[in-house]
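The values are calculated or read from the model by the stated rules, or taken from the named source; none is laboratory data. Model, not experiment: these values are computed from the prediction. Heads up, the Cβs are rebuilt from the backbone with ideal geometry, glycines too, and the neighbour counts pull from every protein chain shown.
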Amino acid sequence: MLAPHIKKKVDELWNRFWAAGLTNPLVAVEQITYLLFLKRLEDIDLKRQQRGFPSIYAGYESCKWSYIRQEKTNPGHLIEVVFPWLRELDKHFTPASADGTELASLNNRMADAYFQLDPNKGKVLSDAIDAIDQLFARAGEGSAAQDIMGDTFEYLLSEVATAGKNGQFRTPRHLIRFMVELLDPEPGQRVIDPAAGTGGFLFSTQQYLMRKFSAQDNLRLEWDGTPHRTDGAAATPEQYAAIHNGANFVGLDNDRTMARIGWMNLVLHDVTNPHLLQGDSLSKREGKEQLQQLLESESYDFVLANPPFTGTVDSGDLEPDSLLFPRVGGGGKKKDNSITNKSELLFLWLMLDLLRVGGRCAVIIPEGVLFGNTDAHARLRRELLTEHVVEGVISLPGGVFQPYTGVKTSILIFRKETRRDDKQSFTGTAAPRTEYVWFYEVEKDGYSDNAKRNPLPGQQNDLWDALEKFKAWLAHGRDGATRNEKTLLRPSYWPERWRQALMRDTADKLTPAGEAFSSLPDTSMWDGHVWGMHELFRDIPSDPKAAEIQVRNVASSMLYDLVIQFFAEPTQAVWAKWKDAGTAAKQMDSDKALAEWKKAIKVAQQEFNRATRDVQRFFEPEDGSALPLWKEMVKDALNAGLSFHERAATQAPTVQFTAREPVADLNSALEAIAREVAKLDGFDVTLRSLAVDQPSDLKAAKHWVVPVRAWARDDEWQGDDGEPVGSHDADGLVRPAYVRAMLDAGLYDDKGALKDGLLDPDCIEAREWNLSAGQYKPFDFTQLKSDKSVAELIGALKTTEQDIIQGLDKLLAMLEGRE
């Protein structure tokens, strides 16, 4: 969660590049990425030098960020000096000197880096460099800095929202986190995204591992699952190293710009030497050694991806491995062609190939993959169900990818069970490896259903319910799948106010936080980190509204008392003068008394206003919560306090007035009150509990389990050797002898078509391996709001049907002239 003022600076940075003519979102993000990398590069080089290696800037000192800042109004310096050096950066260090740094995975990815800002836009460059320095100056050091840098870059990437027209779009991060949790990886297990984009699945996997091995009492989760304060404290040194080892996080993207941006994203999220490279995962690999290594069959524990929807691949450029992509087969001229060129199907076959046996995949697919009727669609689904295990299908709301696309999507989760070399031709004689498929229908995902996709913190979010029920299904099978059928599981939510406790700025001056926190006994433990206001100040509640009420009540009373005391001396003189005047004189000269009083307090007013402005240094100047409140409270206290003094001066002695001790030090008195109000500074967040333990009732189940192969009942069947009559026993279970007999006779005919009447028409195999959740959604009779029984309703429907048929017959007779 970024503070609003940081988001504002990112927006300003983006808008400056946009206004300068870089209106392609990807290009604008790429240019900003270059600047971020150049800033980071100087720090990387310092660490290398500390290990005894020569500087990468030897002879090129003008390429350092510290020098670029001096030339910040001169884009020509970047274009003509810095970027030519950057394009050949790999020549300025050895592999040994890059080990353990981001340079180890640089891999010539800057070879085509060009700065595209107009050379005449010096002011834009200057503003951009200042903004980047200001953004990361607030990050401090250590893990807090890494979190803020990573979050800032992620927020910058969210600006690519308008890039849908370029064929690129970001997978919503809450969906990515949900999918990672579905797979529940462990440190050291390798994950790949063959269509990685900006690396969201990869860094989210690393974030999840850090969350999983963090001290739970320190961990915080936002309402959408975003983790904060992940410390990895519960991980062993080996586990911690594996969590940050880029070799465990592999990604490919066909777009070089996206791959470069994704690589930078992983770097800023503290992944060492990330393996995110440019490459076409579906294309021929011959002569592409790096591509061959990264796409080696059966070498990954997990695949997480959201591959391109409804694309097609040039058949001539497709990897020709027939074990990877099935061939048409048969005896025709096209028998050696790939069975399809649809990218969404090819990516699924690729994912199967990449997984080790036992490896698992969670992938977002267009709904058409689940019910498409081409040979390729049916063959893919059949292979997934018969040779592997489809663990679940989670149907997503129609609008989750708005405004990019309205395509209806689902998450498919499967586990690899058959080695690629052991694939069998399907005959139907062996039982499918997948016995049952678990389906879940997500109606709400925490965001609005319209194109704006506004966040709805704390409102219904079926993802948490789906996650818990999926875990129960995996752990307990069908028994687990029937649990909580009519219960919606959700976490609890609550608001908090957070702020970054940065004590000093780049000029070593106290920040507003430093001013406000200077009363704390030890600020070193807070410095640079983000804390809740109730953690910094234990005397106020965690709920922002309750805290504001408490602070406002106390501080308003103190301010009012201070106003009364501070203005008492000038008011006392006017009150004393007029208290002995006659009633008639007072009535005639009340305006004169008022004028005298206003003159008497003029200097005091100026001093008081100046002092209240001076203590504004305790408050965050941009988007803070406390400064507007302070101004309002000062205004209210002055209005109320001076109103009392005015009445005393103009209505003496009717209004009694008691002399008070002068305020010894106005600034100190106001500082004490301002510190109290400054406790409220920060930005509001909605958090969720770690546990999903807040059940509520559901009208209808959101999940159901469907058998892949279910035998139709045949009560007339008589087996050999005196077998009992009927295909199923008294408990409704199919008899093994019946299954053997049917398989011996053959489930499928010579043309590969399923024979009629053998399978239950509601099982998945009988429906051409259809995996669309809606196909199998149980009908809930309890939802029928009628006093009639189900049988009576069916009878009424039949009567209505007969009436309609009679009416159509009559209409036809009229048209034919028979009536």
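Consider the stretch 370-383. How many of its residues are free of Cβ contacts under 8 Å to residues at least 60 places away in the same chain and under 23 Å from PHE401 (Cβ atoms)?
Qualifying residue count for the region: 3.
Quick one: GLN694 ticks every box in (1) in a loop (DSSP other than H, G, I, E, B); (2) in contact with an Asp or Glu (Cβ under 9 Å, 6 or more places away or on another chain) bar one, so which box is it?
Looking at each condition in turn, GLN694 falls short on (2).
Hey, does the stretch 73-93 have a residue that's part of a helix (DSSP H, G or I), of a type in the set (A, V, I, L, M) and either under 30 Å from the mean Cα position of the chain (by Cα) or at positive phi (or both)?
no
If a residue has to be surrounded by 20 or more Cβ atoms within 10 Å (Cβ to Cβ) and hydroxyl-bearing (Ser, Thr, Tyr) to count, how many in the stretch 367-398 make the cut?
Number of matching residues: 2.
Name the single residue, out of those in the stretch 329-360 being surrounded by 15 or more Cβ atoms within 10 Å (Cβ to Cβ) and among the β-branched types (Val, Ile, Thr), that is farthest from THR409 (Cα to Cα).
ILE339
Looking at this structure, is ALA669 in the same structural domain as ARG552 (by TED's automatic domain parsing) and either within 30 Å of ILE394 (Cα to Cα) or crowded, with 18+ Cβ neighbours inside 10 Å (or both)?
yes
Taking the stated definitions as given, is THR686 of a type in the set (Val, Ile, Thr), in contact with an Asp or Glu (Cβ under 9 Å, 6 or more places away or on another chain) and surrounded by fewer than 20 Cβ atoms within 10 Å (Cβ to Cβ)?
yes
Applying the selection to the stretch 349-375, what residues are more than 17 Å from ALA773 (Cα to Cα) and modelled with pLDDT under 95?
If the condition is that a residue be more than 17 Å from ALA773 (Cα to Cα) and modelled with pLDDT under 95, then THR374, ASP375 are the ones that fit.
LYS679: at pLDDT 95 or above and within 26 Å of LEU562 (Cα to Cα), yes or no?
no
Scan the stretch 419-466 for residues that are at pLDDT 95 or above and more than 25 Å from SER689 (Cα to Cα) and report the count.
Matching residues across the stretch 419-466 total 9.
Would you tally the residues in the stretch 698-736 being touching a Pro at 6+ places or on another chain (Cβ under 6 Å) and either of a type outside the set (A, V, I, L, M, F, W, C) or on the phi > 0 side of the Ramachandran plot (or both)?
1
Kindly provide the set of residues from the stretch 14-60 that are under 18 Å from LYS121 (Cα atoms) and not in a helix (DSSP H, G or I), ordered by number.
If the condition is that a residue be under 18 Å from LYS121 (Cα atoms) and not in a helix (DSSP H, G or I), then ALA20, GLY21, LEU22, THR23, ASN24 are the ones that fit.
For the stretch 111-129, name all the residues that are in contact (Cβ under 8 Å) with a residue 60 or more places away in the chain, in a loop (DSSP other than H, G, I, E, B) and not aromatic (Phe, Trp, Tyr).
Within the stretch 111-129, ASP112, ALA113, GLN116, LEU117, ASP118, LYS121 meet the criteria.
Any residue that is at pLDDT 90 or above and surrounded by fewer than 18 Cβ atoms within 10 Å (Cβ to Cβ) - is there at least one of those in the stretch 263-275?
Looking for residues that are at pLDDT 90 or above and surrounded by fewer than 18 Cβ atoms within 10 Å (Cβ to Cβ), one finds none in the stretch 263-275, hence no.
Yes or no, residue by residue, for (1) among the small types (Gly, Ala, Ser); (2) more than 45 Å from the chain's Cα centre (by Cα):
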| position | (1), (2) |
| --- | --- |
| VAL655 | no, yes |
| LEU666 | no, yes |
| ALA672 | yes, no |
| LYS699 | no, no |
| GLY732 | yes, yes |
| PRO736 | no, yes |
| ALA741 | yes, yes |
| ASP749 | no, yes |
| LEU754 | no, no |
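For the stretch 178-230: of the residues being acidic (Asp, Glu) and in contact with a helix residue (DSSP H, G or I) (Cβ under 9 Å, 6 or more places away or on another chain), which is surrounded by the most Cβ atoms within 10 Å (Cβ to Cβ)?
Residue satisfying both the conditions and the ranking: ASP193.
Among the residues of the stretch 620-635, what is the count of those that are in contact with a Pro (Cβ under 8 Å, 6 or more places away or on another chain), buried (at least 22 other Cβ atoms within 10 Å of the Cβ) and modelled with pLDDT of 90 or more?
0
Given GLY406, GLY368, GLY398, GLY358, which one is farther than 27 Å from GLY446 by Cβ and among the small types (Gly, Ala, Ser)?
None of the others qualify; the one that does is GLY358.
Regarding the stretch 25-45, can at least one residue be identified that is in contact (Cβ under 8 Å) with a residue 40 or more places away in the chain, in the same structural domain as LEU78 (by TED's automatic domain parsing) and over 28 Å from the mean Cα position of the chain (by Cα)?
Yes, the stretch 25-45 has at least one match.
List the pairs whose first member sits in the stretch 417-432 and is touching a residue at least 24 places away in the same chain (Cβ under 8 Å), whose second member is aromatic (Phe, Trp, Tyr), and whose Cβ atoms are under 7 Å apart, counting only residues at least 6 apart or on separate chains?
Pairs found: GLY428/TYR748.
Name the residues in the stretch 298-350 that are β-branched (Val, Ile, Thr) and touching a residue at least 60 places away in the same chain (Cβ under 8 Å), would you?
Correct list: VAL303, THR310.
Show me the helices (runs of 4 or more DSSP H) found entirely inside the stretch 527-630 where at least 2 residues are touching a Lys or Arg at 6+ places or on another chain (Cβ under 8 Å) and either within 30 Å of VAL655 (Cα to Cα) or without any contact (Cβ under 8 Å) to a residue 60 or more places away in the chain (or both).
Here the list reads 544-566, 568-578, 590-614.
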